[in-house]
1. Rule-of-thumb check for the range 97-238: C-alpha Rg over 2.2 N^0.38 Å?
2. P(r) tail for the chain, what percent of Cα pairs lie past 23 Å?
3. What percent does the relative contact order of the chain come to when contacts are Cα pairs within less than 8 Å and at least six residues apart?
4. Can you check how the C-alpha radius of gyration of the range 4-92 compares to 2.2 N^0.38 Å, as a plain ratio?
5. Between residue 140 and residue 15, what's the calculated FRET efficiency when r is the beta-carbon distance and R0 is 51 Å? Round to 0.05.
6. What does the highest-first list of 148-159, 45-56 look like by mean Cβ count within 10 Å?
Ligand SMILES: [Zn+2]
């Protein structure tokens, strides 16, 4: 049965009670724990997985890796003992989550700046990892890349400086175009469809974790812009993270 994904409903849920539905020993020496519900984010959408612990009474299971399978089941891979059927308490590593969330939201704020500047680019893939943070677009840099880099950097500073509360909305994929400039064709079907509304106007279909307020991202630098074969890669860094 699909795991209930608590992080979709709430920007900040880091701990929750849950029940263990399956425990499987893996060939690599680790254990795969499945739960009825989870606040652990599995890797996806360019955002890395959460780590943390699962407490069952006095025993602690250390979560090293989290994956969502095609049936919507989340697999918590790690080490320790958790009895099947046990009631447990989940505790996500708050620092790692905050880093991943800020990096991920930073990518969407770059998208928002690109939109505001009227750059004729179609969003493509992104990576929001501490060692590699970028968003890609279909389209070329119109003119001088350094000038465009500075424009985007100034615009993201403006957006972050203004601040704005983000909003979570669940809706069928067919309705997303009303709120989102770009709705990808390959929206995953193994989890509830959701958008996050940035700055009240800029919807993004996305199942990742997001800052509650765009100001929470902090200082965002555009480190590099490069166009190659019709694809423009905008690399960025968040102060205190990378
Ligand atoms: Zn996203």
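Computed from the coordinates by the stated procedures, all read-outs in this text should not be read as laboratory data. Note that the structure is a prediction, hence the values are computed from the model and not measured. Positions of Cβ are generated from backbone atoms using ideal geometry, with glycine treated the same way; all protein chains shown enter the neighbour counts.
1. On the way: Rg = 14.3 Å, N = 142, 2.2 N^0.38 = 14.5 Å.
Computed over Cα atoms of the range 97-238, the ratio equals 0.99.
2. Tail of the P(r) past 23 Å holds 51 percent of the pairs.
3. 19
4. Values: Rg = 11.9 Å, N = 89, 2.2 N^0.38 = 12.1 Å.
Dividing the Cα Rg of the range 4-92 by 2.2 N^0.38 Å gives 0.98.
5. 0.65
6. 45-56, 148-159
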